[in-house]
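Engineer: This is the structure I want to talk about, given as C-alpha cells.
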C-alpha cells in the first residue's frame, strides 16, 4: 500500500503542523497543564484562521457545508492536530470545529432543523449516551434504560454513565430499550433535550483525565415525543454501531499523533542529555526504546491509514478500524511510557506534557470499546459469524 | 458519598495554613458568616500548591475570611464540579469567579 502523500495532502499537513506549533503550543505555555480550553477570544480568533484555511468543520459532509476532505486526509491531519499537550482529548481546542453527531445526517428534516443545523452553526452542543452502569462493552444487551409508549410520546427511565459533555449540552442522543427483546434488536435511539423535565446530570465522574470529564445521567419519567426517535423503532443499535465503527479511525489517529510528538521529544532529549560521561543517545538501552517506539508508531499508523483508505473506497473497514483503534491506543501508551522513562524524573512532572498524556492515554485502551472488544469485532469479521 | 465540600471552614490564618502542604487541589473561601465568595484551585502552575494559594489568599483578603480545601489530583474537573454545585445551591456563581474566569459552566442537578 502506497502512503506517499499527494501534493495537496502534504500542503495541508504542513499547514496544520505549522498552525499547531505557532498558534496552539504557545497558548499552552500560559495555561494550566491540565487545562481543557483556551480563552474565548483566542478560540474565536483561531476559528477565523481555520475558516480562512478552508478547514473549519472537518468531517462535516460537503453537502452540509463542510470542506470536501476525504477520510485519509482527515486522518493525516488528525495525526498533526493531536501534537500538543491537550491534543489527545482536545485536539487544537476544537478550533477546527466538529462534525457533531454524524448520526444526525440521516435524521428527518424536522430533526435536522431542530438539532443538526444549530450544531453545525455552533449554536448547540450535544452528547452521546450509550453506556450504562450495567455495562458499556456490550451495550446491546446491557441497556436497561426503558422506553414505554404513552400515546404519541415515549416515557424514558434509567441511568447513563461516562457521558462526556452532558452537563454543557443542549440535547443528546440517548439509547433505551423499547421492547421485551433483551438483545440489540430491542433498542431505540431518542433525541432528548437537556431542558426536558426528568433529565438530570447527577454528578461529574472523576477519572484519570481532568478535562472533558464524564458525567452520570439519570432519566426520570422523561417524556419524549415520537418525532424524536432517530432512525427506526427498535433499530437504534445500528446507529450506535455505526458511530462506534466510524469513530475508531480518528480515535486511533489521536493516539498516534501524541506518540509521534512524544517520540520527537525523546529524540531531541537523548541528543542533549548526558549520563556517565556520554549522551543518552549513545546508550543501547535508550536506542532500543527509541526503535521500539518507531516500530509502534509506524505499525499503528500503517493500519490506521489502511482503515482510512478502505473507508474512502467505500469498502468494509470494520476490521481495520478495530485494529487501528487497538494498535493506536496500546502503542501510544507504550510510546509515552518509554519516553517518560527516557526523561527520568522530569518525565513525571507537570513541566512536560508526558504525565498528562500517560494518564489520558490509559483511558484510550478502554474508551470507545476496550482492546478486548476490538479483538472480538475483528474475530467476528475474520472468522465470520458470531461465535459467542 | 457527598459530592459537596462539607468539611468545616477554618479561619484563614498562618497557623491554619501551616499544616497544609504543597499539593494540588481545590479550595473555597467564605466570609465571617460562612457565605462562600470564592472557589479556586491549586493547579500544576501553582507555586507550593494549596499552601501557596492559601497563603496568597490570606495576604489579599481581609481578616475574618475562612477557608476549606481538598487535596485532589483531578483539580480541574473537581473545580468545575464545585462551581456547578454552587450555582445549583445558590443560583449564581461568586462574582470574583465570574470576573476571573468567565466561561460557560455545565449544569448539575445533584439533588440535596
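Engineer: State which residue is modelled with the lowest pLDDT when the search covers only region A:329-388 and only residues that are touching a helix residue (DSSP H, G or I) at 6+ places or on another chain (Cβ under 7 Å) and not in a helix (DSSP H, G or I).
Structural biologist: The selected residue is A:386.
Engineer: Go through region A:237-255 residue by residue and tally those that are surrounded by fewer than 22 Cβ atoms within 10 Å (Cβ to Cβ) and closer than 13 Å to residue A:59 by Cβ.
Structural biologist: Residues that pass the stated criteria total 3.
Engineer: Among the candidates B:50, B:24, B:12, which residue alone is within 12 Å of chain A (Cβ to nearest Cβ), in contact (Cβ under 8 Å) with a residue 12 or more places away in the chain, crowded, with 21+ Cβ neighbours inside 10 Å and under 14 Å from the mean Cα position of the chain (by Cα)? Steps first, please.
Structural biologist: Values: B:50 fails: within 12 Å of chain A (Cβ to nearest Cβ); B:12 fails: within 12 Å of chain A (Cβ to nearest Cβ).
Residue meeting the stated conditions: B:24.
Engineer: Something else: Output the number of residues of region B:53-71 satisfying the condition of being buried (at least 21 other Cβ atoms within 10 Å of the Cβ) and closer than 29 Å to residue B:111 by Cβ.
Structural biologist: Matching residues across region B:53-71 total 3.
Engineer: Across region B:72-88, what is the number of residues that are more than 21 Å from residue B:10 (Cα to Cα) and surrounded by fewer than 20 Cβ atoms within 10 Å (Cβ to Cβ)?
Structural biologist: Here the count works out to 3.
Engineer: Report yes if some residue within region A:59-67 is outside any loop (DSSP other than H, G, I, E, B), in contact (Cβ under 8 Å) with a residue 12 or more places away in the chain, over 26 Å from residue B:104 (Cα atoms) and not assigned by TED's automatic domain parsing to the domain that holds residue A:261; otherwise report no. I'd like the intermediate steps shown before the answer.
Structural biologist: If we filter region A:59-67 for residues that are outside any loop (DSSP other than H, G, I, E, B), which is where we start, we get A:62-64.
Cutting the leftovers down to in contact (Cβ under 8 Å) with a residue 12 or more places away in the chain gives us A:64.
Add one more test, that the residue is over 26 Å from residue B:104 (Cα atoms), and what stays is A:64.
When the remaining residues are screened for being not assigned by TED's automatic domain parsing to the domain that holds residue A:261, the result is A:64.
Yes, region A:59-67 contains at least one residue that is outside any loop (DSSP other than H, G, I, E, B), in contact (Cβ under 8 Å) with a residue 12 or more places away in the chain, over 26 Å from residue B:104 (Cα atoms) and not assigned by TED's automatic domain parsing to the domain that holds residue A:261.
Engineer: Out of the strands (runs of 3 or more DSSP E) lying entirely within region A:93-165, which hold 2 or more residues that are over 24 Å from the mean Cα position of the chain (by Cα) and surrounded by 17 or more Cβ atoms within 10 Å (Cβ to Cβ)?
Structural biologist: Values: elements: A:126-129, A:146-150, A:153-164.
By residue number, A:153-164.
Engineer: Considering A:242, A:316, A:296, A:312, which residue is at pLDDT below 95 and under 22 Å from residue A:89 (Cα atoms)?
Structural biologist: Numbers: A:316 fails: under 22 Å from residue A:89 (Cα atoms); A:296 fails: at pLDDT below 95; A:312 fails: under 22 Å from residue A:89 (Cα atoms).
One residue alone meets the criteria, A:242.
Engineer: Do we find that residue A:34 is away from chain B (no Cβ under 14 Å) and in contact (Cβ under 8 Å) with a residue 40 or more places away in the chain in this structure?
Structural biologist: No: the conditions fail for residue A:34.
Engineer: Do you know which residues across region A:193-216 are in a loop (DSSP other than H, G, I, E, B), at the interface with chain B (Cβ under 8 Å from one of its Cβ atoms) and over 28 Å from residue A:31 (Cα atoms)?
Structural biologist: Answer for region A:193-216, where residues must be in a loop (DSSP other than H, G, I, E, B), at the interface with chain B (Cβ under 8 Å from one of its Cβ atoms) and over 28 Å from residue A:31 (Cα atoms): just A:194.
Engineer: Let me ask something else. Restricting attention to region A:1-30, and to residues there that are touching a residue at least 12 places away in the same chain (Cβ under 8 Å) and over 25 Å from residue A:298 (Cα atoms), which single residue is surrounded by the most Cβ atoms within 10 Å (Cβ to Cβ)?
Structural biologist: Of everything passing the filter in region A:1-30, A:24 is surrounded by the most Cβ atoms within 10 Å (Cβ to Cβ).
The values are calculated or read from the model by the stated rules, or taken from the named source; none is laboratory data. Fair warning: this is a prediction, and the values are worked out from it, not measured in the lab. Cβ atoms come from the backbone with ideal geometry, glycine included; neighbour counts cover every protein chain shown.
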